[in-house]
Amino acid sequence: MLLIRRKPGESVLIGQEIEIRVLETSPARVVLGIVAPRTIPVLRNEVKETIEQNREAAGSLSPMTLEAVSSLVRSGFGPPGR
Amino acid sequence: VRLTSAEFGEIEYSPDDVVVFPEGLPAFEDEAEFVRLRLAAIEPLVVLQSRRTPALAFLTVPVEVLDPGYRLRAEAGQLQALGWGGAAEPAAGRDVLCLAIVTLGAEPTVNLLSPLVIHPATRLGCQLIQVDAPYSCRHPLRPAAAPENSSCC
């Protein structure tokens, strides 16, 4: 991973068309301004994770689910603590 | 009313069990209507079965089952589309139904970061992708009663 130190007001360029500007920083968070063509999707990573998690969750069920889950519930959920 | 589910067979349900997600769910934007199935065998887990796609269902668990102190953090306006006019942080399980999606596998996990929030009166729902919340989208599926670290001593 490339690390670049920037101060509020400074920016970095990615390729010809994408600019990421640091607008504001505080101990807990950074406010970024992103300039990019409309064709490039900009997503918070939580959104991408939710999309992936939903797909995986939907794909994790099968006709065996009910039986498997009911034994899971009877055993107090999940495998015994790690 | 009846429907057929690939996972759960023929299902009899009442219109009161239908939940509408006007915007669908991320990755499933065309799926707006789900039937809430409460099956005694898997209580307290809840199944949401798509009305139009027999092969699509989600296994969910009310967040308060895993974490009684769960805090729902909605941003201004996010829950208004559901008809919720109350606090920005409605109480999960009391004000609104708050279901976390389960992913089955060798170690089942739960998405506590983006729960399905359902207004009980309007039966409208959305998947609330929380920002700045200290929750994981891969939380181990274990009830709150199980003491942490109980296995190491």
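Across all C-alpha atoms in chain A, the radius of gyration and Dmax reach 21.5, 57 Å. With the Kirkwood sum run over all distinct C-alpha pairs, region B:78-137 has a hydrodynamic radius of 12.2 Å.
Per residue of A:11-21, how many C-beta atoms from partner chains lie within 10 Å of its own C-beta, taken as a mean?
Taking the mean over all residues of the peptide, I get 0.
Fraction of C-alpha pairs exceeding 23 angstrom in the protein assembly as shown: 55 percent, rounded to a whole number. The calculated 222 nm mean residue ellipticity attributable to helices in the protein assembly as shown amounts to -3500 deg cm²/dmol, summing -39500 (n - 2.57) over DSSP H runs of n ≥ 4 and dividing by all residues.
Each peptide in B:83-90, B:132-139, A:10-17 receives the mean, over its residues, of other Cβ atoms within 10 Å, and ordering these scores from highest gives B:132-139, B:83-90, A:10-17. Our coupling estimate for region B:10-17, obtained by passing each phi through the Karplus curve with A = 6.51, B = -1.76, C = 1.60 and θ = phi - 60°, is 6, 10, 9, 9, 9, x, 5, 8 Hz, Gly and Pro reported as x. For chain A, the longest principal axis of the C-alpha atoms and the axis of helix A:65-74 are separated by about 80°.
For region B:13-42, a reduction of at least 20 Å² in accessible area between the chain on its own and the assembled protein chains (probe 1.4 Å) is found at B:26, B:27, B:28, B:41, B:42.
For an R0 of 22 angstrom, estimate the FRET efficiency from the Cβ-Cβ distance between residue A:71 and residue B:107 and round to the nearest 0.05. Given R0 = 22 Å and the Cβ-Cβ separation, E is 0.90. Once you reduce region B:36-90 and region A:1-80 to the center of their Cα atoms, the two points are 21 Å from each other. Here the label points at residue B:80 and residue B:29, each 7 Å from Cα along the C-beta direction, are separated by 2.3 nm in the simple model.
Rounded to the nearest 100 Å², what is the buried accessible area between B and A, both sides summed, probe 1.4 Å? If you can, show how the numbers build up before the last one.
Values: alone 8450 and 7970 Å², together 13320 Å².
About 3100 Å² of accessible surface is lost on pairing.
The values are calculated or read from the model by the stated rules, or taken from the named source; none is laboratory data. Please read these numbers as outputs of a predicted model, since none were measured by experiment. Cβ atoms come from the backbone with ideal geometry, glycine included; neighbour counts cover every protein chain shown. Heavy atoms of the whole protein, side chains included, go into the accessibility calculation; ligands, DNA and RNA do not. Shrake-Rupley method; radii C 1.70, N 1.55, O 1.52, S 1.80 Å.
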